[in-house]
1. Yes or no: Arg302 crowded, with 19+ Cβ neighbours inside 10 Å, in the same structural domain as Pro74 (by TED's automatic domain parsing) and more than 28 Å from Val360 (Cβ to Cβ)?
2. Between residues in the stretch 496-522 that are under 16 Å from Ile481 (Cα atoms) and assigned by TED's automatic domain parsing to the domain that holds Lys464 and residues that are β-branched (Val, Ile, Thr) and part of a helix (DSSP H, G or I), which pairs lie under 9 Å by C-beta distance while being six or more apart or on different chains?
3. Inside the stretch 313-338, can you point out the residues that are assigned to a helix (DSSP H, G or I) and either without any contact (Cβ under 8 Å) to a residue 12 or more places away in the chain or within 16 Å of Val31 (Cβ to Cβ) (or both)?
4. Give just the number: which of (1) in contact with a Gly (Cβ under 6 Å, 6 or more places away or on another chain); (2) under 28 Å from Ser345 (Cβ atoms); (3) modelled with pLDDT of 90 or more does Val51 not satisfy?
5. Looking only at residues that are of a type in the set (Gly, Ala, Ser) and crowded, with 19+ Cβ neighbours inside 10 Å in the stretch 393-441, which one is nearest to Thr167 (Cα to Cα)?
6. What tally of residues in the stretch 339-357 results from selecting those that are under 20 Å from Leu35 (Cβ atoms) and in a helix (DSSP H, G or I)?
7. Just the residues that are buried (at least 18 other Cβ atoms within 10 Å of the Cβ) and either outside the structural domain of Ala341 (by TED's automatic domain parsing) or part of a helix (DSSP H, G or I) (or both), please, taken from the stretch 204-219.
8. Condition (residue is in contact (Cβ under 8 Å) with a residue 60 or more places away in the chain, over 18 Å from Trp197 (Cβ atoms), more than 22 Å from the chain's Cα centre (by Cα) and assigned by TED's automatic domain parsing to the domain that holds Arg229) applied to the stretch 372-391: is it met by at least one residue?
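The values are calculated or read from the model by the stated rules, or taken from the named source; none is laboratory data. Note that the structure is a prediction, hence the values are computed from the model and not measured. Every residue, glycine among them, receives a Cβ derived from its backbone with ideal geometry; neighbour counts consider all protein chains shown.
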Amino acid sequence: MTSPRESVVSSYSGKVSWSHDAPAGLVVFLVALPLCLGIALASGAPLFSGVISGIIGGLIVSMLSASSVSVSGPAAGLAVIVATAIQSLGSFPAFLLAVLVAGVAQVGFGFLRAGRIANYVPNAVIKGMLAAIGVVIILKQIPHALGRDTSYEGDFDFFRSADGASTTLSDVADAVVSANGEAILISVVSLAILLAWESPWIKSRKSLAMVPGALIVVAVGILLNELFRTISPDFFLRAEDGHLVTLPAGGPTDLLAQLSGPDWSRWTDRRIYSTGLTLAIVASIESLLSLEASDKLDPQRRISNPDRELMAQGVGNIAAGLIGGLPVTAVIVRSSANVYAGARSRWSAFIHGVLLLVCVVAIPSLLNRIPLASLAAVLLMVGYKLTKPALYRDSWKAGVDQFLPFIVTVIAIVFTDLLIGVLIGVVFGVIFVIRTNHHSAFTLVHQESMYLLRFNKDASFVNKSELKAKLASLPTQSSLIVDGTRASFIDSDLYDVIADFQEGAPHKQIAIEFKQFHNKSQNYRKRRRTNGVV
């Protein structure tokens with residue numbers, strides 16, 4: 001078996017497909033830039049800290065990551081935790097020390113192979129998570145498409161105020177009432193271009209297909225807004241009204257000035273370590289969920305090593321803590337944009353990191369002319385692809401045991417946030433697994449007074465109530481055969497139930513016979529020692 005350390009080293013392999021990875025990297029860059037800034041703003045951190053994390057996610061994490069299509073950077077799911085931590089620790093440099101601690105902890109998680117926890121999230125929940133993220137993207141981008149840019153890019157929470165008065169749905173309603181004509185025109189034109197770029201006519205022409213539709217959308221958005229400025233100076237989209245990308249435009253000097261290190265004098269403060277551990281756990285869960293989702297989206301269905309991913313994220317967070325970045329995680333919005341833009345390898349994520357670094361340093365003034373309405377159109381297309389009606393139809397056809405965890409996850413994420421929604425979905429999925437096992441582990445058949453209790457498969461403590469019910473249904477003066485032939489493992493709790501019943505059987509005049517039933521509670525250990533062979 002390949003060790004996590006060997007996996008990290010081997011992750012540098014992988015051929016770049018320039019015709020696919022370069023355009024995908026450009027699309028992800030356009031999506032990531034406002035997200036990096038918006039999440040930094042929501043976190044109460046310097047704006048450049050979000051950009052620094054995006055660059056680290058692209059240049060460092062992508063080269064160490066287990067995934068060929070996942071993209072890392074600052075995550076909206078950590079914004080509240082980050083804002084609270086900065087306030088409680090008293091300074092951003094002190095918080096950076098906690099980020100560094102989180103990175104070290106994540107590397108440790110990787111060596112301990114804690115990434116396997118992702119394997120216990122049901123597929124229906126992962127599909128529900130992807131569909132829900134698509135719904136949230138659409139709901140969150142509609143206001144930006146209509147010219148209402150009051151919420152930060154990357155916001156994923158349903159409730160936007162402590163009293164619950166402001167929500168995602170109320171934002172959409174307010175945006176419809178106060179719609180901006182210029183933003184609507186830019187959004188409609190942008191969506192039309194993106195739809196045209198999906199057509200067979202464009203795809204059949206290599207010279208056009210090589211140009212990302214998102215790049216055309218951004219260029220057209222800038223040109224349209226400049227045209228509005230010329231025709232009617234009072235009615236174009238202004239940066240001061242929050243309608244454009246807002247990046248500090250100081251160039252290389254400003255970027256270097258924003259680099260800051262951790263406050264090493266706080267290394268004895270216990271709060272640094274508790275905050276770091278909290279960040280490590282939450283960031284690891286979000287990264288593992290995003291990794292699972294990215295593997296589902298990957299057209300080549302490559303399976304990523306979650307332990308290596310944790311180590312890669314840990315190295316990224318160590319770097320973020322050292323030079324002034326926000327915590328880094330794998331992020332599904334950027335990853336899905338990467339997949340749908342045609343990425344073939346990890347180099348698309350690396351290219352997005354290069355573009356973030358170069359463009360932020362070299363052309364910040366040009367980036368600051370990009371209308372958020374143009375970027376909203378790009379994200380609306382990504383959201384639709386994540387939550388296509390066919391996904392719901394296929395889940396329904398798969399049966400109620402697949403559809404209910406799927407739809408519960410969708411609803412929970414839309415009306416709470418990513419981590420809480422997935423947790424609710426997992427709990428619901430586990431309930432269905434228990435329910436299925438509860439009703440299929442045993443069969444009890446009889447002919448006159450002869451009863452046969454057959455174990456149909458391995459049985460655990462969750463089957464205890466069903467076993468008790470079946471044994472209690474046996475009449476007096478009967479005979480029972482307990483057949484464990486089909487089970488290779490029987491939980492010791494079930495042996496206790498049988499033993500208790502056996503003690504009371506003489507009082508009901510019930511004779512009991514066993515067939516290949518005993519000593520199967522030890523088989524789990526045997527299977528582990530012999531790779532599944534008992």
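1. It is false that Arg302 is crowded, with 19+ Cβ neighbours inside 10 Å, in the same structural domain as Pro74 (by TED's automatic domain parsing) and more than 28 Å from Val360 (Cβ to Cβ).
2. Taking only residues 6 or more apart or on different chains, the pairs are Ile512/Ile498; Phe514/Ile498; Phe517/Ile498.
3. Taking the stretch 313-338 as the starting set, the residues that turn out to be assigned to a helix (DSSP H, G or I) are 313-323, 332-338.
Listed by number, the residues that qualify are Ile332, Val333, Arg334, Ser335, Ser336, Ala337, Asn338.
4. Val51 satisfies all of (1) in contact with a Gly (Cβ under 6 Å, 6 or more places away or on another chain); (2) under 28 Å from Ser345 (Cβ atoms); (3) modelled with pLDDT of 90 or more except (1).
5. This residue is Ala412.
6. 12
7. Correct list: Gly213, Ala214, Val217, Val218.
8. The answer is yes; a qualifying residue exists.
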